[in-house]
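Note sheet for the following structure.
The values are calculated or read from the model by the stated rules, or taken from the named source; none is laboratory data. As the structure is a prediction and not an experimental result, all values here were calculated from the model. Cβ placement follows ideal geometry from the backbone for every residue including glycine, while neighbour counts extend to all protein chains displayed.
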């Protein structure tokens, strides 16, 4: 157990020491909310500001970037550099590597969400959840969402054949999901078929779960299903966790194709 | 400790139907320094990576420290304590290196030490590979040779019984290479069995107790560097300068007699006299030339 923790500390240390990565990863959602909050300064109705809606998409995007995008790019690069091969040749139990990644992702996710909420509260009068129940929902939706994203990131890491091609494989997937899942636009304003496609993937459900936290109860009926439908959010995200976990266990590659 | 560290019989490895390793036999004794020589593509790295447990084989028997490395590929062995114990006894220095860009030398070595039950002291190991001055430097600031030393440090931090070194001194300057050789001899004196592959014949000659030559997936010769390919009994070349200033060369099985004869003829010193046997490189190039 101590070894996994140590691995996590090293991963976080490596992250914190690469200044560009820190800047982009941590500040990105906050910058997005600055942009969107400034463009759409109006209300979506009943005195609820646009920011209140956008912040849910930005939190979800942040979680997806930290879990899915970061790992799906970083792991193939480490595989190319031979880091994975080297670790494989030591007695280090294999789970330690993943424990390190999970701790790093959790660290980044928490930090970037706190920064985002701070910026949104200070500059755009974001209303934070006002009941314990909403904070609890916030917690489990985020935890389940980041777990699904992390597992998907690890599973996806086997798809890119080289570290150099990884960003090209991963970025479009992330970007398209953001557009169709209601991150940049109000979800219900999207064409029906697009909503249906988005419903197959975790990001839409993460956004929806977070809307239950940041939007008033009275907005529930505006959701495509007529309510925030938190049980469905939990179910879909859990299924994704399970599917991705199976993919991780069956397809994860420690060495490149070249290494046989 | 077993008398043999590595025992290989009839090892085969196919890539897309062609045999990269084709019936290779090999024995490495405990405590020796064994050098594997061979041209690129002869099957050296494939063989070594099968021994290290990185690649599966298609045929033959392999035993490394009494364990078949294929066990690491078995189902459910990811957490098998036997696999872990075997990994603890084997140190590996790969050809390509995985870097830990933003970490320091000290951090990486200290972290790897935690993987092993009875590791060496990180500071001592860093000193041993000559990186003390760089202990606090981020690994991406190291030169090629320094990175290689870090690789070696990570290979020996667990105090392995058996150490694999795949082309360890590529990119070293001559001085660094000599320091590295001293380190390897030192490890061998401490009882570590060492298997290295190299392109430097001089390295094999200075370091190895025995060398093996691989061509086309087979081990075609094994001997001490002095005896390889009947080198010790090969014809010697004697050369000298005649009083007319012309260089003469003669091949002889009895060079001592020839030199005595020359000495008598010149009535003392023979001008420009040299007596040479074929170098390891001559013998090696002959061997792989004949095999190809």
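Just one residue in the set B:224, B:276, B:254 is surrounded by fewer than 15 Cβ atoms within 10 Å (Cβ to Cβ) and either in contact (Cβ under 8 Å) with a residue 24 or more places away in the chain or farther than 28 Å from residue B:206 by Cα (or both); that residue is B:276.
Taking the stretch A:26-53 as the range and being in contact (Cβ under 8 Å) with a residue 40 or more places away in the chain and touching a helix residue (DSSP H, G or I) at 6+ places or on another chain (Cβ under 6 Å) as the test, the residues that pass are A:26, A:29, A:30, A:33, A:36, A:37, A:44, A:51, A:52. Within the stretch A:75-87, if we keep just the residues that are under 28 Å from residue B:88 (Cβ atoms) and touching a helix residue (DSSP H, G or I) at 6+ places or on another chain (Cβ under 8 Å), the residue that is farthest from the other protein chains (Cβ to nearest Cβ) turns out to be A:75. The helices (runs of 4 or more DSSP H) found wholly in the stretch B:96-178 include none carrying at least 2 residues that are within 10 Å of chain A (Cβ to nearest Cβ) and over 25 Å from residue A:78 (Cα atoms).
Taking the stretch A:15-25 as the range and being within 14 Å of chain B (Cβ to nearest Cβ) and either under 28 Å from residue A:216 (Cβ atoms) or out of contact with any helix residue (DSSP H, G or I) (no Cβ under 8 Å at 6 or more places or on another chain) (or both) as the test, the residues that pass are A:17, A:18, A:19, A:20.
Each row is one residue, and each column tells you yes or no for (1) modelled with pLDDT of 95 or more; (2) under 23 Å from residue A:248 (Cβ atoms); (3) touching a strand residue (DSSP E or B) at 6+ places or on another chain (Cβ under 9 Å); (4) assigned to a helix (DSSP H, G or I).
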residue	(1), (2), (3), (4)
A:119	no, no, no, yes
A:126	no, no, yes, no
A:129	no, no, no, no
A:135	yes, no, no, yes
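If I filter the stretch A:60-74 for residues that are within 14 Å of chain B (Cβ to nearest Cβ) and buried (at least 17 other Cβ atoms within 10 Å of the Cβ), do I get at least one hit? Looking for residues that are within 14 Å of chain B (Cβ to nearest Cβ) and buried (at least 17 other Cβ atoms within 10 Å of the Cβ), one finds at least one in the stretch A:60-74, hence yes. One residue stands out among those in the stretch B:48-75 that are part of a helix (DSSP H, G or I) and at pLDDT below 90: the one that is surrounded by the most Cβ atoms within 10 Å (Cβ to Cβ), which is B:72.
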